[in-house]
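Before any comments, here is the structure.
What follows is calculated from the coordinates using simple rules that are stated; it is not laboratory data. Predicted model, so just to flag it, every value in this text is computed and none were measured. Quick reminder, even Gly has a Cβ in these numbers, built from the backbone with ideal geometry, and neighbours come from all protein chains shown.
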Amino acid sequence: MRDGDASDFAAVLLEWYDRHARAMPWRVPPEEKKAGVKPDPYRVWLSEVMLQQTTVAAVREYFRRFTERWPTVADLAAAEDAAVMGEWAGLGYYARARNLLACARAVVRDHGGVFPATRDGLLGLPGIGPYTASAIAAIAHDEPATVVDGNVERVMARLWRVETPLPTAKPELTRLAADLTPQERPGDYAQAVMDLGATICTPRNPACGICPWRDPCRARAEGVQASLPRKVEKAAKPVREGVLWIARRADGAWLVERRAERGLLGGMLGFPGSDWDGAGGAEPVAAEWQEVGEVRHTFTHFHLILRCRIARVAAGVEPRRGMFMAKADFRPSDLPTVMRKAFDLTEAAFSPS
């Protein structure tokens, strides 16, 4: 097969997928799909939201916990916000968790607990953009929607030797992916291309010798596959700084606060802190504060350095900001990653209660 028609490309890839599909807890394997087992749109949607800017390995355990605790979209819609945010802690990009709840509630409220079956219908739900709508429509409902993630972009760039750098090349790569999307088994095809990118057409050292599309791949023919896709050089990320105040009362309670719904870490439990503009800010409770070190964390658009200050306070003291959470109710696992780093740094500095 070399530069054949779209059906040739799809047939070859689907044959490969039938033998090599990755096993995932949210996926219906190809043999079961052929036997009539239909994917659950709820599980497909939940996995796609979790997988945004996150690896499969990182998502597996979160997906298991979520689906055991909230096995249906109605269960998730009825969940308390704080419980969902706590289970999400560590996955990052916390706006996704807020949108997850908003979407689940919209599905139950406006669609009788059933996800729309079309890409256009899915686009009307909170937090579902073009990629996620296409993925759910294709995988859950076998709509021939074009699904393009980073893996698919890389495969298309190499297959057709697209030299235009990303993100400029996105429209061209999407068009090329659309040209190959078949009418038959589009859901399996979408997952096959993503699997191909994740396991064979990898960013570094692609395994071209065992690739089902090795013959028609133009980049491989020219020996430039490892250099594609090209990317526009990113500007250096700025560095922001702030302070965290971590206090513990004599009765073992920890000083915490729920962050505002909007903005980074929105709705998450954390320690009181300053703005991330380098200024110190006002201490949340009167105490003798001691700086014990700093934590560093990288967000999408900037690096963050937080200086950690700790204090021990007497039982019964009330803060000017935040609240003291009883030792029995405080779960470090509910903290977002940057706050968990601060907890791990400072916990040893407090003597056992």
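Assorted remarks:
- Computed FRET value (nearest 0.05) for Y93 with D329, which takes r as the C-beta separation and R₀ as 25 Å: 0.45
- Structure-based [θ]222 nm, the chain - -39500 (n - 2.57) summed over DSSP H runs of at least 4, per residue, nearest 500: -12000 deg cm²/dmol
- Taking every DSSP beta bridge that has both ends in the chain, the antiparallel portion is near 55%.
- Three semi-axes of the equivalent ellipsoid, the chain, Cα gyration tensor, whole Å, largest first: 45, 25, 16
- Largest GNM mean-square fluctuation among M339, M24, M50, using the chain with Cα springs under 10 Å: M24.
- Rounded to the nearest 10 degrees, the angle from helix 186-199 to the longest Cα principal axis of the chain is 70 degrees.
- Annotation note: GluC sites (Glu not before Pro) in the stretch 1-110 located in DSSP loop regions with a Cβ neighbour count of at most 14 within 10 Å are E80.
- Where trypsin sites (Lys or Arg not before Pro) fall in DSSP loop in the stretch 223-331, at most 16 other Cβ within 10 Å: R230, K234, R262, R320, R321, K327
- Whole-number percent relative contact order across the stretch 239-349, with pairs defined as alpha carbons under 8 Å at least 6 apart: 36
- Rounded to 10°, Cα long-axis angle of helix 56-69 versus longest principal axis of the chain: 70
- Neighbourhood net charge (13 Å Cβ-Cβ; Lys/Arg +1, Asp/Glu -1) for R320: -2
- Vicinal HN-Hα couplings computed from phi for the stretch 121-136 (Karplus, 6.51 cos²θ - 1.76 cosθ + 1.60; Hz; Gly/Pro x): x, 5, 5, x, 8, x, x, 9, x, x, 5, 5, 4, 5, 5, 5
- Restricting the stretch 143-192 to GluC sites (Glu not before Pro) that sit in a DSSP loop and have at most 13 other Cβ atoms within 10 Å of their own Cβ leaves E163, E184.
- When the P(r) of the stretch 239-349 is calculated, the portion above 17 Å amounts to 51% of the C-alpha pairs.
- The mean sequence distance of close C-alpha pairs (under 8 Å, at least 6 residues apart), as a share of the length of the chain, puts its relative contact order at 16 percent.
- Exposure proxy order (Cβ contacts within 10 Å, fewest to most) of Y131, Y17: Y131, Y17
- Percent of Cα pairs in the stretch 67-213 per distance bin of 5 Å, from zero to the largest separation: 2, 9, 15, 17, 17, 15, 12, 9, 4, 1, 0.
- Centre separation in Å (Cα based) which lies between the stretch 171-186 and the stretch 277-305: 47
- Axis angle, to the nearest 10 degrees, between helix 95-111 and the longest C-alpha principal axis of the chain: 70 degrees.
- Among the lysines of the chain, pairs at least eight places apart or on separate chains and with Cα atoms under 23 Å apart come to 5.
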